[in-house]
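Single-structure report; data block below.
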Amino acid sequence: MQQTAENVEVGAAEAAPLLNVNNIEVIYDHVILVLKGVSLELYKGGVVALLGANGAGKTTTLKAISNLLRAERGEVTKGSIEAMGERVDNMTPNELVKRGIIQVMEGRHCFEHLTVEENLLTGAYTRRDGRAAVADSLEKVYHYFPRLKERRSAQAGYTSGGEQQMTAIGRGLMANPAVILLDEPSLGLAPQLVEEIFQIVDDLNKKENVSFLLAEQNTMVALRFAEYGYILENGRIVMDGEAKFLRENEDVKEFYLGLSSGGRKNFRDVKHYRRRKRWL
């Protein structure tokens, strides 16, 4: 009987979301309301896309989860954020990293004066499992990003945009994460590089079982690699569903993929206020 109860507990733990954002509101400077009741879930081994135009609230949602809002005078005023079954919205970013939640920031932030390898090693600063384990993680990063191995001695500031993005993701991997919050990985990159980076993200998800919450404006690419998607508009989730459903939805096609079943339309027909009227 005891064994059965334990099995039930294990099953319930596996069924529970790895990350659960429940109806959060975010305010900047005690005045500016940016997120208005955002809820989302990420399950173990999943890839979830957070989609929307620039300024919709995607980055703010990720920063609310990673607790980086306070550095920008922002705060979660309502709702809750849970990860691995415990409340995390009052933890420090450092504590979250130790629990396996990493954010890879928008804009390929690297320490420009450090080499690629030194940048990668900074990602392991919270680890206490010894040099051998860190060295193994470094080799794993080089396995997934062979280009970084070739450029390991180069100063990060003198590498290409794609290599800097790979360095930023690799640095996140060095912390041995369970969840990576990936913010705009395709920003400013050539289409070929975007494809390469998303393919590596897909490999990391399938082979290393790393879960990804992906904020991305490139809807077409994101929905190809994600399993589930949420669409943000003015700080609210206006639509969510399986990636296949979103790819085939007429509104998503029209507003985010530039496609329409009705042929060419007048610009006034797809103006922002029309979207608000239809969805909100």
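Summary table
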{"quantity": "Some residue of segment 140-152 being closer than 29 Å to residue 231 by Cβ, in contact (Cβ under 8 Å) with a residue 60 or more places away in the chain and either assigned by TED's automatic domain parsing to the domain that holds residue 58 or under 19 Å from the mean Cα position of the chain (by Cα) (or both)", "calculated": "no"}
{"quantity": "Answer from 52, 100, 45, 85 - the residue that is over 30 Å from residue 253 (Cα atoms) and touching a helix residue (DSSP H, G or I) at 6+ places or on another chain (Cβ under 9 Å)", "calculated": "85"}
{"quantity": "Selected residue (criterion: nearest to residue 185 (Cα to Cα)) from residues of segment 197-227 that are in contact with an Asp or Glu (Cβ under 8 Å, 6 or more places away or on another chain) and among the acidic types (Asp, Glu)", "calculated": "216"}
{"quantity": "Hey, residue 74 surrounded by 14 or more Cβ atoms within 10 Å (Cβ to Cβ), at pLDDT below 95 and not basic (Lys, Arg) or not", "calculated": "yes"}
{"quantity": "Long-range neighbours under 7 Å by Cβ, at least six apart or interchain, first residue buried (at least 22 other Cβ atoms within 10 Å of the Cβ) within segment 219-233, second among the charged types (D, E, K, R) and not in a strand (DSSP E or B)", "calculated": "223/247; 232/58"}
{"quantity": "Residues within segment 155-208 that are not acidic (Asp, Glu) and not in a helix (DSSP H, G or I), tallied", "calculated": "18"}
{"quantity": "Residue that is touching a residue at least 12 places away in the same chain (Cβ under 8 Å), in the same structural domain as residue 223 (by TED's automatic domain parsing) and more than 30 Å from residue 241 (Cα to Cα), where the choices are 82, 112, 72", "calculated": "72"}
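The values are calculated or read from the model by the stated rules, or taken from the named source; none is laboratory data. This is a predicted model, so every value here is computed, not measured. All Cβ positions, even for glycine, are placed from backbone atoms using ideal geometry, and neighbour counts span all protein chains on display.
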